[in-house]
Every structure is written in structure tokens, then in C-alpha cells.
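Have a look at the structure below before the remarks.
The values are calculated or read from the model by the stated rules, or taken from the named source; none is laboratory data. These numbers were taken from a predicted model, which means no experiment stands behind them. Positions of Cβ are backbone-derived with ideal geometry, glycine not excepted, and every protein chain shown enters the neighbour counts. The area values use the complete protein model at the heavy-atom level, side chains included, leaving out ligands, DNA and RNA. Shrake-Rupley method; radii C 1.70, N 1.55, O 1.52, S 1.80 Å.
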Amino acid sequence: MLIGNVGQEPEVRYVDQGVAVARLRLATTERGYTLQNGTQVPDHTDWHNVILWRRLAEIVEKYVHKGDKLYIEGRIRYTTYDDKQGQRRYATEIWADNMEMLTPKTNTDDGLSSTNPE
């Protein structure tokens, strides 16, 4: 389970038979604090690669943008690949099973004006 902010616009593509796949970068931050002896411990941010499939990916494509806060449930996947130079690379991804959008939407997001013409 992760709660964090989307770091850049999600990347959505369609693969075999029109199945949607979304990739996004999610930042989770552990807030800094001060120890009893006065030592300052700074904020620590981790970046996660999140993969969403099918309907979740379609929702991401329509509604999720850079800066939005998300709740993600999923499982960790470890993958390896060889880059262009032949070096073995390792990647850690979160394959999302569930997502909730936590950023409140404003009245103007749905095309309605929040002002009253009267």
C-alpha cells in the first residue's frame, strides 16, 4: 500500500487487442523530524514505478495528472533486462490491483462554473 504524489504525467499505451497499460512515477515522502538531542533528520522521498492495467489504466489516462495524490494497492515485481550496452539492469515495479484518487476535484474540473451569474 502506497500513498503518494504523481511525479510526471502518466504514460498510457495500448498493447495486444487494445489492452491499456499505464506507467507512472509515484513519490512517497517520510517527513523529517528532530531528535531529542536537537539533530535534524531531513525528509526522505522514495520514487516508485507503478504499472496499472486495463480499466485502472483507462482511468489513469482520463483523470490522473502530475501532482495528484493517489492511494495504490498492489504487489512488488522485480524484473531484469539488458540495456543497449549489454549491461544487466534491475527494476522494481508496483503492479497495482487497486487505486483511489485522493486529490479533491474542484467544481471547474467538470466544466461547471463555480460562479453564480445572478
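Quick notes on this structure:
- Cα-projected label distance for GLN17 with ASP46, points at 7 Å along beta-carbon direction, nm: 3.6
- Label zone of GLU61 (point 7 Å out along Cα→Cβ, amide N under 18 Å): in the range 1-34 this covers 9-25.
- Within the accessible area of the chain (1.4 Å probe), percent carbon and sulfur: 47
- Qualifying trypsin sites (Lys or Arg not before Pro) in the range 1-82, DSSP loop, other Cβ atoms within 10 Å at most 14: ARG31, LYS66
- Cα→Cβ-extended label distance, 7 Å offset, between THR29 and LYS69, nm: 1.1
- 1.4 Å probe accessible area per residue over the chain, in Å²: 75
- Extension gain for ARG54 to MET101 (0.36 nm times residue separation, less C-alpha to C-alpha distance): 15.2 nm.
- Dipole magnitude (debye, nearest 20) for the range 1-84, charges at Cβ of Lys, Arg, Asp, Glu: 160
- Rounded to the nearest 20 debye, the dipole size of the range 4-46 about its Cα centre is 20 debye, using +1 on the Cβ of Lys and Arg and -1 on the Cβ of Asp and Glu.
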